[in-house]
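Following: one structure in structure tokens, then a few remarks.
What follows is calculated from the coordinates using simple rules that are stated; it is not laboratory data. Bear in mind the structure is a predicted one, so any value in this text is a computation, not a measurement. A quick note on method: Cβ atoms are made from the backbone with ideal geometry, for glycine too, and the neighbour counts reach across all protein chains shown.
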Amino acid sequence: MIKSGLVGSIRIAIVAALLVCNMIAHGQTRINGKVFSDDGEALIGATVTIKGTLSGTITDNEGNFSLMAENKDTLVISYLGYITQYIQVGTSTELTVQLDLDLETLDEFVVIGYGTQKKSDITGSVASVREEDMNPGPNVSVSNLMQSTAPGVVLTQSSSQPGGGFDVKIRGASSVLGANGPLYVVDGLPLTSDNIQPGSSSRHRYSPPRNPLNGINPQDIISIEILKDASSTAIYGARGANGVVLITTKRGKSQRLTLDYSSSFSLQHLNSEYDMLNAKEYATVSNEVFLLKNPEDDPIYSAAQINNAGEGTHWINELTRLGTIHQQQIGASGSYNNLKYYASANYYQHKGIVEISELERIGGRVNIDYSKKKVNAGLSMSYSNTHDRQVPFGANSNAAEFGGLFDNTRNWSPLLPVRDENGDFTVHPVRSLIPNPMSLLNIDDRIETNRLFGTAFFEYELFSGLKAKLNVGSDQSNSEREALIPLSVIRGEQSNGEGEVGEIDSWSSLGEFTLNYNLELGNNSRLDVLGGTTFQQFDREGNTTFFVNFADQTTDFSKITNADTLSVVRFKERSRLLSYLGRVNYSIEDKYLLTFSFRADGSTKFGPNNKWGFFPSGAFAWKIHNEKFFNSSYINELKIRASYGHIGNQEIGNKRSQSLYNVTRRAVIGGQPIQGLAALRPDNPDLRWEKTTQYNLGLDFALLDNRIYGSVDVYNKLTTDVLLDFQLPGTAGFDAVTLNAGSINNRGIEFALTSRNLVGDFKWTTSANFAYNQNQWNDRAGFYPEGQQIAEEYGPLSGIYGYQVLGLFQSQDEIDNSPDQSAVAIAAPGTFKYADTNEDGRITPEDRVLLGQYDPKYTFGVNNTFQYKNFDLNFFFQGSLGKKKMNFTRAYLEDVDDLPEGFNKARTVLDRWTPNNLDATVPGADNILGGFANNSWYIENSSFVRLRNLTLSYTFMNINGVSNLRVYADVQNLFTITPYKGNDPETDEFVQYPNAKTYSIGLSATF
Amino acid sequence: MKNTNRNLNLFFVPVLLSLILFITSCEKVLEEDVFVDIASNNFFQNDKDAITAVNAIYAKMRADGTVTGQSGQQEGWGMFAYGEATIFNYQQVQTDELFVQWANFNVFSNFTLTPSSYGNFGSLFGDLFEGIFIANNVLANVEGNEKLSEETRNRVRGEALFGRALFYNAAYSLYGNIPKITKPESDPLNLPEQVPPAEIAQLIIDDFTEAANLLPESYPPSDYGRFTKGTALGQLARFQLNQKNWSQAIEAAREVIALNYSLSPEYGEIFGLDNGNNPEIILTLPSIAQPGIGNTLVAHTSQSDYIIGSWGGHLARNSFYDSFDQDDIRRSFLIKDYTTAGGDSKTVSNGAMIIKYEPDPNRVGPWGGNDIVLHRLGEVYLTLAEALNEEIGPNMESIDLINTLRDRAFNNDPTKRIQLSDFANKEALRDYILLERSWETYAENYRRDDLLRHGKYIQKANERGIANAQQFHVLYPIPQFEIDRNPNLDQNQGYD
């Protein structure tokens, strides 16, 4: 067997090579073969025909066949429910053919926690994203693949920098302190939710964390299952409350060696940006504002200076460039005897639209499966090496000495060139320590991350139906950040060069043992029992060294030889999770389906009084279409599902339950810097997991010969014992204590519908999903975080509170006749007039009201695919409605107060309030409160509908040995419809990386 | 084949059993490991722990934000240093001595601060109470702690008591109505209430007094910078003066003067580069020319083309500059006319740079190495002179004390001395002392308290044209977010 298999493989490889050379031999020979299913069983009655002829045969009781064929012939091997295989005869006379289950058919297998299940047997709410549903074009991470593909899964891109992070919420946010993102499980390995890359709080090195999933190559993924309700996630217990995303990578299938190659290239350009004052306008408005405040003084700029100013420097243009994305992927899969393999290598490079920002990844994967008789074993390993080049965002400060790249770029005076006549960066006219934005591009800030993770399992059938499985996994990463502020940046000049080297090593290890018992009860009834125990440990440690005073003034980090160490900061932490789990699936006559599952989790994160949590769940489904009484030729499937269960959330940092002492900032005693030790936080021995109770009611249906199919789910999620960092008043000596209090409710409805509108030569398929989620506090337990002190008792978790602006004060007279605002802001003509919502005759912080919520209420995705012959046209809309956002950037860019101090503003300030411009759209000077108090003027509707992808592709079949060649062109973010006035309703933040439009061309080929 | 099966069964069953046994027998795996940090039950075990804990008070004096928060905290811009939420801004910017050119300081200069408009300035309230918490925590853990030597226990208690009183003194002066917290408890469900200000005043007096009894008169050089007996008596004298407890102020001031302090021969040396051992300094924040632990007053006040890299925000008012006798050496540290780094002659028109601290040629960015002077003997002289005048009216001892300082300021020019006969009554000498105080101690964090004591804080603001400065402005508002977090707190009258 071994020998013939090897020979067969070699032969096939040779044949493939010969075909490429167009060498064709003649003459009929006898071909003997055997057909297997992908789980190793012989397929009886499979059809084997010669393509283009009527001759053929079927396999016998052992799956064998025999027929005469020419070596240029192609054999077509097909079997109901399996993918048809085409095999070139070539010189081989012995063939072993493996057919894989056809995932196209409606009743595909889906991955569930600790197992797989037929989709029709699912009792919970599970959304499945298949390879073919995934967005084409460049995708840096699995997050990009999930966007709007399943209802109730809301992905918001939090930064559009290369490899930028995503905020993922499944069925709404239910935690304040804990993470709201789902648990990711890759090939059975739950990933850590901690950031694996070193960050930096320094404003000159701050950049939001990149997506931790960037280390996983999306092109290796075959399916993503999103578990949403309690019955499907309770098996993940204390990590299941925010949903679970199961990622399954490609595995070897067919016997034949298959090579896949794909490549794409993209161009990106700036999507939109604020229109800033040009030099002439800047000088004019500077004078106007200055003279308003200093009427006796001379204007800052003379008439001649203004007349000669012209357009000046367009700083945004200086900052941005045409971005590029380039990726290459090669994969090989096949089998050898009892071994199946899949291996891939991938290269991804993204040069962002902001100068110097970049991400580069090299990755590889090997998946091996072995199966023989009662033994199944497998290995999945993935390695990636990622280089990130970061730009200094600056953190939450308006343009100032420590400002970041984006705010400084907007605000820098258009009167100044980038460099002066000596070639030096120009200096801020008023505050000389504010860095020239282009000088910030000399900051060299890079992160290199290596990540190796994978699982290995060994499964053995103890006796018929009872399988024991040992699964071990490991996720190891090392990330190193080197950041250099050279002398060409003011701060670097001050410290004679400044550097930071940070490193994080993280390692999680998993061991689990499960027993699975499968019993066929006859009469189409089945019992499936799972039990087991798992243990996972997460280790994380790292250090950061800061130094100054470089001996040589290099701008290349690697060349620094000598510097003074300023400080070294180190951390180390460990958490463990010990769990027992079990599940029973009982299917009665393929009509009634019952599921019970439970998990007990013990976690180090919680207080000594509450180490263990128990998470039971149950579900019931009824396949009405299998009932005898149900007899409809229109309805092919009708299934109702109901589930209930408890799930938890433990994703808070370590050491929250203990009172610990940690080093303070420094003092100088005896001429030496010293540190003290002070208590970090009060202890809380009762600290425990958040508990979510979730009900789900669902309906699956398929109509009109499966032309229309879909599902509807309604759910109600109540999270109690919410983990909070309860903010303490200043008198407490601590900022906050971590405790469990209050409850949060999420309820909603989800629809998914696929309609094959047209079939035949011209195909048109529409897939749409829609979700509504209502999120609110059920019990605040006195928790009113910063900015929400006057929050509504039952308001949304992401509520935005602020003053209602009635308009701008038009005169002193109007101010005198309006409620006194002095407790909030000094009123002046041209400033905001606030509503006295509690009608007590004064404007106080009590007058703040709920103005909206940050998280969307409605989300949807609509995907349309048109197919005509080999053409494919796909357009994918994404929508997110019923949400608002505080537009800090606009608030700052329309506040002219500090314009004379040398800070440029948006062009909209030309329409600011003055006594001669009463119907202004922008407040006037003397806006003392600044734009930064949350108020309705700047809290904007950030709903949007976006054409996320538009793709046209053409597929060539069977050319010169290439069985499938697809070429495509794709546009991302072609247009966005939104009332939001900022740059982008999704990614806009106070300091934000500008969003881009992406144009791609690509090809994929299968050999 | 069957044999293999049996063998594998033989292998698997024990593995399964031992795995389950291993995991269940290890309940210990759920105990949380602590690395890097120190668990609270493992601290205050020896003298070194206690000293490390009390060091946090010194660190808190110059750090803003939470001491232990890894983010959001800025080192070196806090309470007793120079930055935004600092005593310096709260005590100086609303006075006749100086102003700030930056728009965000207008809330101070124009008396338009509201509970909600503090912005970055608002963290001072919480910073002070965090300092108080740290002190209370040290006090609770050293009291009766037999693991510590008696000497350390007493000294650390003295340092903590002093720290608590120092922070309370500031909070009492700025906000007036505050809670009295003497234990390290922070129960979120039992939030503190304000107490009558007199209770706080008594606590401050008691703490300074006990600290003076516990603290040594001096330390070996390796502990230079720690609070001493003189530090505590000096603050006590000044607090009693502000309380108008004249006889107690006299008593404490005399005790300070009796200690081993002496006037610096040169005024400028008090603020010189190596002012670390200046015999006049009583309370100091020692500094090193390094980010976070340096002195940034020069950078705050110097024009950017005078000392390169400075911000030129804080300036002495022209009216204050003009109030000096032009021969007064002390005025020479206020600079109007200067030569730029590029060699041009320039004049600051709207004020004068306060270059009291000698610019450090080895500074790192804004960070110079001059120790920050928080209290010195010269001020104690004025305190004694003022208290004596209040107690007995114009007297020779007060005149002599003032003339000692004037001799230094005018190179011992006898014509610049004041005479007892110049002052017809107590009010005349009182007014003069207020003037002399500004010349001698400008920008040293005293001015607001001095003006308040003399009842001229609001009057001076009105005279500057700040029409909306009203009597209730003698206290700052409690930041709105503090009231939001603790509904037991009432806003100061006039701001509510």
So what's the angle, to the nearest 10 degrees on a 0 to 90 scale, between helix A:2-20 and the longest Cα principal axis of chain A? 60
Helix A:279-293 versus the longest principal axis of chain A: what angle, 0 to 90°, nearest 10, using Cα atoms? 50
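Loop-only trypsin sites (Lys or Arg not before Pro) in segment B:185-253, please: DSSP not H, G, I, E or B, and at most 16 other Cβ atoms within 10 Å. Present the calculation step by step, with values, prior to reporting the outcome.
Working: sites: B:226, B:229, B:238, B:244; in loops: B:226, B:244.
Answer in residue order: B:244.
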For residue A:806 and residue A:304, calculate 0.36 nm times their separation in residues minus their Cα-Cα distance, and state this gained length in nm to one decimal. 176.7 nm
Label-point separation in nm, residue A:635 to residue A:297, each point 7 Å along Cα→Cβ: 7.8
Across A:572/B:147; A:372/A:591; A:883/A:981; A:119/A:623, pairs whose alpha-carbon gap is larger than 24 Å: A:572/B:147; A:372/A:591
How far apart, in nanometres, would the label points at residue A:584 and residue A:419 be if each is projected 7 angstrom from Cα along the Cα-to-Cβ direction? 7.7
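Let's test the formula: R0 of 51 Å, r as the Cβ-Cβ distance of residue B:274 and residue A:275. What FRET efficiency results, to the nearest 0.05? Can you show the working numbers first?
Details: r = 55 Å, r/R0 = 1.08.
Efficiency computed from Cβ-Cβ geometry: 0.40.
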Starting from the Cα of residue A:314, move 7 Å in the Cα-to-Cβ direction to define the label point; list residues of segment A:409-426 whose amide nitrogen is under 19 Å from there. A:409-419
For segment B:287-370: rounded, prolate or oblate by the Cα gyration tensor [a/c cutoff 1.5]: prolate
Sequence-distant or interchain residues sharing an amide H contact under 5 Å with residue A:466, placed H: which? A:518
Let's test the formula: R0 of 45 Å, r as the Cβ-Cβ distance of residue A:537 and residue B:140. What FRET efficiency results, to the nearest 0.05? 0.80
For the residue pair residue A:549 and residue A:84, what label-to-label distance in nm results when each label sits 7 Å from Cα along the Cα-to-beta-carbon direction? 7.8
Just tell me which aspartates and glutamates come within less than 12 Å, Cα to Cα, of residue A:280; anything on the same chain fewer than 8 places away is out. A:311
For residue B:370, list long-range residues whose amide hydrogen, built 1.01 Å from N in the peptide plane, is under 5 Å from its own amide hydrogen. B:295
Mind checking which of B:82, B:372, B:392 is farthest towards the positive end of chain B's charge dipole, using Cβ charges of +1 (Lys, Arg) and -1 (Asp, Glu) about the Cα centre? B:82
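With a cut-off of 8 Å between alpha carbons and a minimum separation of six or more residues, what is the relative contact order of segment A:319-427 in percent? Please report the intermediate quantities before stating the final value.
On the way: 194 pairs, mean separation 19.2, N = 109.
About 18 percent, as a whole number.
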Using θ = phi - 60° and the Karplus relation 6.51 cos²θ - 1.76 cosθ + 1.60, list the HN-Hα couplings for segment B:461-469 in order, rounded to whole Hz, with x at every Gly or Pro. 5, 4, 5, 6, x, 8, 5, 7, 5
At 4 °C and 1.567 mPa s, the Stokes-Einstein diffusion coefficient in µm²/s for the protein assembly as shown, with hydrodynamic radius from the Kirkwood sum on alpha carbon pairs, is 36
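Residue A:941: net charge of surrounding residues, Cβ under 11 Å, Lys/Arg +1, Asp/Glu -1, itself excluded? Before the final figure, lay out the partial values.
Values: positive: A:883, A:884, A:885, A:981; negative: A:940.
In short, +3.
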Roughly how tilted is helix B:123-142, in degrees to the nearest 10 and between 0 and 90, from the longest Cα axis of chain B? 60
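Pop the C-beta distance of residue A:446 and residue A:101 into the FRET formula with R0 = 45 Å and round what comes out to the nearest 0.05. Kindly include the intermediate steps, with their values, before the conclusion.
Details: r = 45 Å, r/R0 = 1.00.
Using R0 = 45 Å, I get an efficiency of 0.50.
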Are there GluC sites (Glu not before Pro) in segment A:38-96 that DSSP marks as loop and that have at most 12 other Cβ atoms within 10 Å, and which are they? A:41, A:62
Hey, could you pull the Cα Rg and Dmax for chain B, both in Å? 27.2, 122
Over chain A, what is the relative contact order in whole percent, taking alpha-carbon pairs under 8 Å and six or more residues apart? 11
log10 I(q)/I(0), Debye, Cα-only segment A:566-622, no solvent, q = 0.12, 0.26, 0.29 Å⁻¹? -0.51, -0.99, -1.09
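Treating only the Cβ of Lys, Arg, Asp and Glu as charged (+1, +1, -1, -1), what charge dipole size does the protein assembly as shown show about its Cα centre? Round to the nearest 20 debye.
Numbers: 126 positive and 176 negative charges, 1232 e Å.
That gives a dipole near 5920 debye.
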Mind checking segment A:744-812 for GluC sites (Glu not before Pro) that DSSP puts in a loop (not H, G, I, E or B) and that have at most 13 other Cβ atoms within 10 Å? A:786, A:793
If I stretch the segment between residue A:564 and residue A:520 completely, what's the gain in nm (0.36 nm per residue apart, minus their alpha carbon distance), one decimal? 8.6 nm
Taking 0.36 nm per residue of sequence separation and subtracting the Cα-Cα distance, how much length would be gained by fully extending the chain between residue A:387 and residue A:571, in nm to one decimal? 63.9 nm
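I need the shape label for segment B:136-238. Rule: rounded when a/c is under 1.5, else prolate if a/b > b/c, else oblate, with a, b, c from the alpha carbon gyration tensor.
Values: a/c = 2.52, a/b = 1.37, b/c = 1.84.
Note, shape of segment B:136-238 comes out oblate.
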Interchain or long-range residues, amide H under 5 Å from residue A:115's placed H: none
From the phi angles alone, apply the Karplus equation (6.51, -1.76, 1.60; θ = phi - 60°) to segment A:851-858 and give each ³J(HN,Hα) in whole Hz, x where the residue is Gly or Pro. 10, x, 9, 6, 6, x, 8, 10
For segment A:939-1007 versus segment B:416-465, the gap between their alpha-carbon centres in whole angstrom: 71
